[in-house]
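A.B. asks: Okay, here's the structure, questions in a sec.
Read-outs: derived from the displayed coordinates by stated rules, not from any lab. None of the values given here were measured: they were computed from a predicted structure. Quick reminder, even Gly has a Cβ in these numbers, built from the backbone with ideal geometry, and neighbours come from all protein chains shown.
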Amino acid sequence: MRKLLVTGGAGFIGSNFVHFVVANSDVDVVVLDKLTYAGNAASLAGLPEDRVRLVVGDVADACLVDALVREVDAVVHYAAESHNDNSLDDPSPFVETNLVGTFRLLEAARAHDVRYHHISTDEVYGDLDLDDPARFTEETPYNPSSPYSSTKAGSDLLVRAWVRSFGLRATISNCSNNYGPYQHVEKFIPRQITNVLDGIEPKLYGDGRNVRDWIHADDHSSAVWTVLQHGRIGETYLIGADGEQSNKEVVEAILRLMGQPSDAYEHVRDRPGHDLRYAIDSTRLRTELGWRPRYTDFEAGLSATIDWYRSNEEWWRPSKAATEHKYAAVEAVPAVQPR
Ligand code: NAD
Ligand code: DAU
């Protein structure tokens, strides 16, 4: 493999992956990114220009996608509308990017017989009860809850059909919640870190008992790189690092690590349809492909992430006020739970 197309490579996880590929291989990277509110060319700053090229454009643009896919050896498709709260406000870009965009990429990969890796999420499996010892596996039935997760589930199914019907050389990975540098301040962990830096109390949805299974973005990158090189065609791999934490535990850890009283947070309106718990069993990835996470101490990874946001205010500051303004409007409305 000499050249890779990374869609969404100016977003959070995509940019971390581009940094990973440059640091760990000789492969050149073409990034295709629309630079939506969530994309930031600054996340690629400092990377060698002779190895990384940013093309600003839409994954749903069939001509552009065809032209880019034909010049590479493999595609890793990260581009998506990724935020559940936004999908409750307006689902339409989720359908366009996550479903139509994936369809365009699959058609181009099919036309040019290019290896394709699809980045998906554990949310396609729905949620687990808080007291259920079970975790998601590759065999768990799909049961998405939100417009975001249902469009991701639909895109996974398109990939499976293109493998079966057209022999596309594709793999899928479904990862749990990522944290680390370059994550947009709309997301839970960076929102609370930057709130504390701004002297605002962290905001916990509902009672804060919901559980997420946290993995550092670097570990997600190493897992995707492993699947891209050694994964079995047509196979799905779940990616997780045994990082289950309740939202309340995460907020308390952030406050403690930032020298604040651990109860200095505020409960706000819950997310409608809020998934209770996600948990990944990554046995297949570990036993079949030998992958292991590097960040096994969540608090150490969180502490490094806090340091990154402290040192990179110029990266997140331009998005902060608009993001909080949007949340303030939503959080002022009384909660109505649809289920
Ligand atoms: P993000 O929102 O930070 O980044 C998405 C990127 O895609 C942005 O750079 C944006 O500009 C770009 N993009 C959006 N629409 C586009 C379009 N039509 N054409 C081209 N580019 C477009 O998202 P993220 O958190 O980095 O997530 C990346 C991928 O990983 C997504 O597919 C998401 O479903 C998946 N994922 C995320 C997590 C997580 O915890 N964040 C966990 C598992 C899987
Ligand atoms: O599980 C993987 C998924 O993780 C990805 O597919 C999504 O792209 C990614 O956004 C993430 O989805 P979540 O909805 O779990 O992430 P979010 O950061 O929005 O919220 C994490 C948890 O924190 C969730 O239970 C909601 C809660 N929350 C969130 C915000 C923004 C709060 O309590 N307060 C907040 O201010």
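A.B. asks: What is the one condition in (1) part of a helix (DSSP H, G or I); (2) in contact (Cβ under 8 Å) with a residue 24 or more places away in the chain that ALA79 does not satisfy?
C.D. replies: Here ALA79 clears every test but (1).
A.B. asks: What number of residues in the range 256-274 are out of contact with any Leu (no Cβ under 9 Å at 6 or more places or on another chain) and closer than 27 Å to LEU88 by Cβ?
C.D. replies: Residues that pass the stated criteria total 3.
A.B. asks: Further, regarding this structure: Take LEU168 and tell me if it is part of a loop (DSSP other than H, G, I, E, B) and farther than 24 Å from ALA41 by Cα.
C.D. replies: Considered against the rule, which asks whether it is part of a loop (DSSP other than H, G, I, E, B) and farther than 24 Å from ALA41 by Cα, LEU168 comes out as yes.
A.B. asks: Filter the range 138-160 down to residues that are more than 14 Å from ligand 2 (Cβ to nearest atom) and of a type in the set (D, E, K, R), then give me how many there are.
C.D. replies: So the count comes out to 3.
A.B. asks: Under 6 Å between Cβ atoms, which residue pairs at least 6 apart in sequence (or on different chains) link something in the range 304-315 that is under 13 Å from TYR182 (Cβ atoms) with a partner that is of a type in the set (A, V, I, L, M, F, W, C)?
C.D. replies: Close Cβ pairs (under 6 Å, with a partner that is of a type in the set (A, V, I, L, M, F, W, C)) amount to TYR309/ILE193; TRP315/ALA42.
A.B. asks: May I pose another question? Is it the case that some residue within the range 26-39 is within 7 Å of ligand 1 (Cβ to nearest atom) and in contact with a Cys (Cβ under 9 Å, 6 or more places away or on another chain)?
C.D. replies: No, there is no match, as no residue in the range 26-39 is within 7 Å of ligand 1 (Cβ to nearest atom) and in contact with a Cys (Cβ under 9 Å, 6 or more places away or on another chain).
A.B. asks: Which residue, of ALA161, ALA108, is of a type in the set (A, V, I, L, M, F, W, C), within 16 Å of ligand 1 (Cβ to nearest atom) and out of contact with any Ser or Thr (no Cβ under 9 Å at 6 or more places or on another chain)?
C.D. replies: On inspection, the qualifying residue turns out to be ALA108.
A.B. asks: Next up: Where in the range 236-339 are the strands (runs of 3 or more DSSP E), entirely inside, with at least 3 residues that are surrounded by 19 or more Cβ atoms within 10 Å (Cβ to Cβ)?
C.D. replies: Fully inside the range 236-339 and qualifying: 236-239.
A.B. asks: Then there's this: For the range 223-245, give me the residue count where each residue is on the phi > 0 side of the Ramachandran plot and within 16 Å of ligand 2 (Cβ to nearest atom).
C.D. replies: Residues that pass the stated criteria total 1.
A.B. asks: I'm trying to understand the selection: among the residues of the range 89-115, which are touching a residue at least 12 places away in the same chain (Cβ under 8 Å) and either more than 18 Å from ALA161 (Cβ to Cβ) or not in a helix (DSSP H, G or I) (or both)?
C.D. replies: Correct list: ASP89, PRO91, PRO93, PHE94, GLU96, THR97, HIS112, ASP113, VAL114, ARG115.
A.B. asks: Pick from ASP122, ASP127, ASP156: which is crowded, with 18+ Cβ neighbours inside 10 Å, among the charged types (D, E, K, R) and in contact with a Phe, Trp or Tyr (Cβ under 6 Å, 6 or more places away or on another chain)?
C.D. replies: ASP122
A.B. asks: Further, regarding this structure: If ALA10 meets every condition in (1) more than 16 Å from ligand 2 (Cβ to nearest atom); (2) touching an Asp or Glu at 6+ places or on another chain (Cβ under 6 Å) apart from one, which number is that one?
C.D. replies: Every condition holds for ALA10 apart from (1).
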